[in-house]
Every structure is written in C-alpha cells, then in structure tokens.
Amino acid sequence: TVRTFRAGDKRGMDSTKSLLIKSEQLLRIEDHDFAMRPGFGGSAIPVGIDVQVESIDSISEVNMDFTMTLYLRHYWQDDRLAFPSSSNKSRTFDARLVKKIWVPDVFFVHSKRSFIHDTTMENIMLRVFPDGNILYSVRITVTALCSMDFSSFPLDTQNCSLELESYAYNENDLMLYWKNGNDSLRTDEIVLSQFFVEDFQPSFGLAFYSSTGWYNRLYINFLLRRHIFFFMLQTYFPTMLMVMLSWVSFWIDRRAVPARVSLGITTVLTMSTIITGVSASMPQVSYVKAVDIYLWASFLFVFLSVIEYAAVNYFTTVEEMKKLKRAKIPNTFDATEAMAFDGCFHDNDIDMTSFTEVASTPNTERNSQSRNSTVSGPAEGTRLRRKNPVKQHLSFIMSNSYMIDSYSRVIFPMAYLLFNIIYWSLYA
C-alpha cells in the first residue's frame with residue numbers, strides 16, 4: 001500500500017510537471033527575453049494596482065511603526081504571454097511560473113520588514129488571459145514607518161500611510177496607478193485594541209531621486225483615533241485618586257506628624273510610579289505630551305500638599321514657642337503640661353490659669369510703666385505709618401496656623417477642578 005501511494009504521488013508530480021511544461025510551451029516563455037519589460041523602448045507600461053487590507057496586526061508607539069497584512073494585486077498587459085483559446089478562458093498559475101516571466105518590481109517605501117506568506121505554499125497567484133492581460137496577486141505582511149506626533153497623547157489621532165513604488169523603473173518605463181480610483185482600496189472589518197480606524201484613502205504622487213529621476217508613488221492613507229478609555233482606567237483615574245487622597249491630610253490634626261507625613265510621602269511615591277510607568281511605554285520624544293502635562297500638574301498638587309503641612313508644622317511650632325515665652329513658665333512647671341508645647345496636645349487643652357503668677361517687683365513695675373508710656377499717643381509732630389493689610393493678614397495666619405488647613409480644604413480642590421476643566425477643554 002505504501003509503495004502504491006508513493007508511486008501514485010510520483011505520477012502526480014510527473015503529471016504536474018508535464019502540465020507546467022505544456023503551459024510554458026503554450027505561453028512561449030522560451031521564445032522571449034522576460035528580463036526586459038513589455039514594450040521595451042516604447043512608452044511606459046501602465047501597471048494598475050488594487051489593495052485589499054486584511055488586518056492591521058499591531059501599532060507600536062515606541063518604534064513608531066505599524067504592521068499590516070494585505071493582498072496586493074497588479075494588472076498589466078504583456079503581449080508576449082498571449083495565447084490562443086477557443087473558450088476565451090484565463091489560466092491560473094502559482095509561484096513557480098512567476099519566476100520565469102516579467103513582473104513589476106513594486107516595493108514598500110519606508111518598510112522595516114516584509115515577507116510573503118508561504119503556508120502551505122507561497123501565497124502567490126498569476127492569472128493570464130488569452131489577450132495577454134495579467135493579474136498578479138500576492139499576500140504580504142509589511143512593517144512600515146509611521147511618523148507619529150504625540151503632543152496630544154493619549155487624546156491624539158495619527159495619520160499613517162503605506163507607500164508603494166517601483167524600485168528599478170522610473171516614470172519613463174513604468175506608470176503605477178490605482179486601477180479603480182478610490183475603489184481600488186478595500187478593507188475587511190478591522191478592530192484594534194487601542195485605536196479606531198476612521199478612514200482609509202488611496203492617493204497618488206511622485207517621488208524624485210537625484211540620481212535616477214522621477215518615480216510614480218501610490219499611498220495607502222489611514223487615520224487612527226486612539227481609544228481613551230484604557231488610559232482613563234490605567235492613568236487618569238489613579239492620578240485623580242492620588243491627588244484627592246493627598247487632600248485627606250488637611251482634615252488630620254496638625255499635631256499628628258506621623259500620620260500626615262506618611263500620607264504625603266505615600267502619595268508622592270505613588271505618583272512617581274505612575275509617571276515612570278507611562279514614560280516606559282512611550283518613545284523618548286523631545287517635546288511635552290498631553291499626558292505629561294496632566295501627570296506633572298497632578299504631581300505638583302500632591303507635592304504642594306506636603307509643603308503645606310511643612311508650613312503648618314513650622315508656624316505651629318513658632319506660635320507655641322511664643323506662647324511658651326509669654327507664659328514665663330516657672331521651674332516647678334509640670335512635665336506633662338510642658339509636653340503640650342511640643343505638639344502633642346491641642347492649644348485648648350492647656351490650662352494656662354494653673355500657672356503660678358510671677359510676683360510683682362519694683363523692676364517689673366518700672367517695666368510696666370515704661371510699656372504704658374510706650375503705647376501712649378504719639379508726640380506732636382510724629383508721623384504714623386499705616387501697616388500693610390496683606391502683611392497683617394499673613395501675620396494673622398502665621399499666628400493662627402490652623403487656618404492654613406482650613407483654606408487648603410477649599411483652595412486645593414477648586415484649583416484642581418479648574419485645571420481639569422482647562423485641560424479637558426483643550427485636549428478632549
């Protein structure tokens with residue numbers, strides 16, 4: 001049985017080979033030099049192109065490229081391959097005959113990698129009509145450059161193009177054109193994870209090379225709009241929550257140093273982690289992206305909340321030291337009461353009436369008299385200097401540091417809300 005199968009397989013190969021030989025004889029391949037283009041020495045040979053995009057496999061922001069799988073079809077006429085046919089039917093061949101005839105040398109401009117699919121055989125089709133018209137179709141996957149602008153990332157749209165051109169033949173020898181105009185570009189339903197394909201559009205142009213001249217160039221243009229929902233979940237919402245979490249410290253007592261410091265440091269480190277993660281997935285561009293503006297502005301709000309507590313803690317310490325000096329605490333002052341001035345209790349918890357009054361002495365009486373004389377009305381001819389109301393207000397806040405937290409509870413949320421309104425109105 002095995003021998004019979006092998007013999008049958010061999011007979012099948014022989015019949016295929018004989019059929020190919022008959023096809024070559026029918027097309028008179030040996031009678032012509034197919035190293036030369038059709039109509040050599042005459043006008044440029046027109047080569048029509050149409051493309052069916054099967055899929056966009058990937059889009060890489062880091063490498064600034066995209067990978068596309070497509071069916072590329074060429075149409076031209078070669079009278080050398082005309083053959084007689086009573087039924088006027090075309091003949092279809094595979095890649096084996098393609099290597100023996102002339103085909104257009106179309107390549108992809110700015111391509112990084114490309115290959116013809118070869119499972120289970122090379123995905124190449126050649127169809128020859130009796131009048132010499134030829135259809136040459138090939139299935140290709142190509143990775144090409146796409147110059148992306150990330151100034152509005154991730155609220156951006158990207159315009160990419162795949163460019164086709166003849167490598168050896170300039171416009172005097174070969175004329176590339178879209179065979180059916182705008183209908184020459186067809187696409188299957190394409191679904192991408194991060195982008196929505198808004199438009200596919202063919203176009204035509206010329207490319208000039210100083211050493212070889214002008215060449216026809218065809219463009220497959222497509223517009224990509226990025227889905228924002230992924231970045232809302234991964235970047236924007238966590239950033240908003242971190243900024244709001246930093247505001248919690250405004251409601252924590254200003255003397256709870258460990259709680260407020262640990263909360264501030266945690267939010268700062270979390271924001272740094274988010275910024276690092278976003279930067280790692282993006283190319284190192286020299287301009288500022290929209291997501292950078294949002295992340296660094298949010299980082300500034302978190303950082304300012306830490307600075308706010310540093311100011312509150314400093315002014316509280318200064319305020320309590322002044323109270324401590326004014327109180328003139330005697331040596332018999334209880335150690336538990338002294339802890340109040342180190343930031344462990346509220347000011348209201350301190351009973352200042354329990355402190356021993358300092359006895360009046362002649363010196364203190366003289367001092368009080370001198371103070372009374374100092375606060376008396378100004379002498380004749382003395383000019384009064386009006387205090388700056390802004391300085392008075394700042395001095396009042398510094399002497400009442402708890403008010404800084406009260407103001408921050410309103411100023412920080414309102415400023416962040418205003419920033420979000422401006423940001424989303426500009427980029428959304």
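Laid out as a table, the results:
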{"quantity": "Total residues in the range 296-327, condition touching a Phe, Trp or Tyr at 6+ places or on another chain (Cβ under 9 Å) and open to solvent by less than 40 Å² (accessible area, probe 1.4 Å)", "calculated": "10"}
{"quantity": "Some residue of the range 252-273 being among the charged types (D, E, K, R) and open to solvent by 40 Å² or more (accessible area, probe 1.4 Å)", "calculated": "yes"}
{"quantity": "Filter pass, Lys112 being of a type in the set (Lys, Arg), more than 35 Å from the chain's Cα centre (by Cα) and over 30 Å from Trp424 (Cβ atoms)", "calculated": "no"}
{"quantity": "Of all residues in the range 133-155 being hydroxyl-bearing (Ser, Thr, Tyr) and part of a loop (DSSP other than H, G, I, E, B), the one that is most open to solvent (accessible area, probe 1.4 Å)", "calculated": "Ser147"}
{"quantity": "Only one of Val248, Val288 that is assigned to a helix (DSSP H, G or I) and either modelled with pLDDT of 95 or more or surrounded by fewer than 19 Cβ atoms within 10 Å (Cβ to Cβ) (or both)", "calculated": "Val248"}
{"quantity": "Inter-residue pairs, beta-carbon under 8 Å, first closer than 10 Å to Val106 by Cα and in the range 168-179, second at pLDDT below 95 and open to solvent by 50 Å² or more (accessible area, probe 1.4 Å), 6+ apart", "calculated": "none"}
{"quantity": "Enumeration of residues in the range 251-281 that are assigned to a loop (DSSP other than H, G, I, E, B) and either touching a Lys or Arg at 6+ places or on another chain (Cβ under 7 Å) or without any contact (Cβ under 8 Å) to a residue 24 or more places away in the chain (or both)", "calculated": "Ile252, Ala256"}
{"quantity": "Qualifying residue in the range 51-72 (condition: at pLDDT 90 or above, outside any strand (DSSP E or B) and over 29 Å from the mean Cα position of the chain (by Cα))", "calculated": "no"}
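The values are calculated or read from the model by the stated rules, or taken from the named source; none is laboratory data. Small disclaimer: the values here were computed from a predicted structure and weren't measured. A quick note on method: Cβ atoms are made from the backbone with ideal geometry, for glycine too, and the neighbour counts reach across all protein chains shown. To get the accessible areas, we keep the full protein, side chains included, count just its heavy atoms, and leave off ligands, DNA and RNA. Shrake-Rupley method; radii C 1.70, N 1.55, O 1.52, S 1.80 Å.
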